[in-house]
Amino acid sequence: LSNLDEYLIEFEANAQKNGIKVHWASNAKEHNKIVHNILSKNNAKKVVKSKSMLTEECHLNPFLEKQGVEVIDTDLGERIVQLAKEPPSHIVLPAIHLKKEDVGETFHKHLGTPKGNKDPQFLTEAARQHLRGHFLASEVAITGVNFAIAETGEFVVCTNEGNADMGAHL
């Protein structure tokens, strides 16, 4: 970390060689404006987003929503709390505070699942079907990055749900 500034500059140079555009932001406001400008230049109004702690810390979703952009969180836990209009309760498990009955009620209210259904497998499949349409209709996908490699200008995204892969590939 003591050489982070050097690694970031090296990453940018090598990422640019790979055809990647790197944007620098000094704070959340600047970050959000950069993202919104990219969306605006591409006339994008529908975004799917997999887990990204940076966008959570910058409050990107509410910022974009105020600009008329629809943002759909595609991480299952993030989507649950987004539908419930709650902030994530944990960095890795954003809906850990909710019981399966709470999720069932949220899905009944927002996705039209049968009232009282609390079966995790059923609820997961309902979320998968619900999100599939959003993936197909979105114009942009946003994802976090788990780590970046300065010497090659490459980055790695690790997922256990496939939502980041789906967004990036579509």
Residue-normalised value, i.e. accessible area per residue, for the chain at 1.4 Å probe, in Å², stands at 63 Å²
Sorted by chain and then number, the residues having a modelled amide H within less than 5 Å of the amide H of I142, at least 5 places away or on another chain, are V48, K49, S50
Spelling it out for A95: with amide H atoms placed in the peptide plane at 1.01 Å from N, the residues 5 or more places away or on another chain with amide H under 5 Å from its amide H are S89
Per residue, how big is the convex hull around the C-alpha atoms of the stretch 46-112? Give it to me in cubic angstrom, could you? 83 Å³
Everything considered on the Cα gyration tensor (a ≥ b ≥ c; rounded for a/c under 1.5, else prolate if a/b is larger than b/c, else oblate), the stretch 1-101 must be described as oblate
Where does the charge balance sit around W24 when Lys and Arg score +1, Asp and Glu -1, over other residues with C-beta under 9 Å from its C-beta? -2
Among the lysines, which fall within straight-line cross-link reach of K99, defined as a Cα-Cα distance under 19 Å, with same-chain neighbours fewer than 8 residues apart omitted? K85, K109, K115, K118
Packing-based ranking, highest mean first, of 71-82, 148-159 given that Cβ atoms within 10 Å are counted: 71-82, 148-159
Any residue on another chain or 5+ positions along whose placed amide H is under 5 Å from the amide H of E154 is listed here as I149
For the stretch 33-170, what is the Kirkwood estimate of the hydrodynamic radius, computed as the reciprocal of the mean inverse distance between distinct Cα atoms, to one decimal in Å? 15.8 Å
Sum of -39500 (n - 2.57) over DSSP H runs of 4+, divided by residues of the chain (222 nm, nearest 500): -15000 deg cm²/dmol
Share of the chain's accessible area from carbon and sulfur, percent, 1.4 Å? 55 percent
Based on the Cβ-Cβ distance from I91 to N27, what FRET efficiency comes out when R0 is 22 Å, to the nearest 0.05? 0.60
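The values are calculated or read from the model by the stated rules, or taken from the named source; none is laboratory data. The structure presented is a predicted model; accordingly, all values stated were derived computationally and were not measured. Glycine also receives a Cβ, built like all others from the backbone with ideal geometry; neighbour counts cover every protein chain displayed. For the accessible areas, the whole protein counts, side chains as well, though only heavy atoms, and no ligand, DNA or RNA atoms are used. Shrake-Rupley method; radii C 1.70, N 1.55, O 1.52, S 1.80 Å.
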